[in-house]
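Colleague: Dropping a structure here in structure tokens format, bear with me for questions.
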Amino acid sequence: MLTEFMHPELGREVQTFAGYYIPMEEHLLPCDGREVIYILGQVSVEASCCGQGNWRYIQVPGFSVRKHASEGTAKPVSEVDTVEDEAIRRDVVRELTARYPDAQIEMW
């Protein structure tokens with residue numbers, strides 16, 4: 001499914017109700033003859049009913065279709081194609097888990 005992905009400002013802390021997260025790096029992962037965009041970041045929960053914690057995360061919006069498709073926006077927006085095929089999704093998760101074994105992975 002084609003959708004828009006607003007690129008985060010890397011290295012900038014984003015405040016949330018219970019803490020914050022920081023998108024740290026943006027990468028392209030070769031996959032099935034295409035490239036998957038993923039963001040590596042850090043989460044810090046400072047105030048929740050379940051306690052505190054820190055962990056790395058990976059956000060995978062999908063295959064890069066058209067980079068910076070929308071101009072004039074506050075942040076760059078690219079067109080992505082979400083990864084729908086279950087076998088490819090498993091391959092992406094397997095590859096990212098091998099590279100970042102301690103990160104939680106979210107795929108759109």
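Colleague: Give the residue, chosen from Val36, Val43, that is touching a Leu at 6+ places or on another chain (Cβ under 9 Å) and either among the small types (Gly, Ala, Ser) or closer than 21 Å to Asp102 by Cα (or both).
Modeller: Val36
Colleague: Then there's this: Condition (residue is at pLDDT below 95, over 25 Å from Met1 (Cα atoms) and among the acidic types (Asp, Glu)) applied to the stretch 33-50: is it met by at least one residue?
Modeller: Yes.
Colleague: Only one of these conditions is not met by Phe5: (1) touching a residue at least 60 places away in the same chain (Cβ under 8 Å); (2) surrounded by 13 or more Cβ atoms within 10 Å (Cβ to Cβ); (3) within 19 Å of Ile88 (Cα to Cα); (4) among the hydrophobic types (A, V, I, L, M, F, W, C). Which number is it?
Modeller: Single failed check for Phe5: (3).
The values are calculated or read from the model by the stated rules, or taken from the named source; none is laboratory data. Quick caveat: nothing in here was measured; it's all calculated off a predicted structure. Cβ: placed from backbone, ideal geometry, glycine included. Neighbour counts: every protein chain shown.
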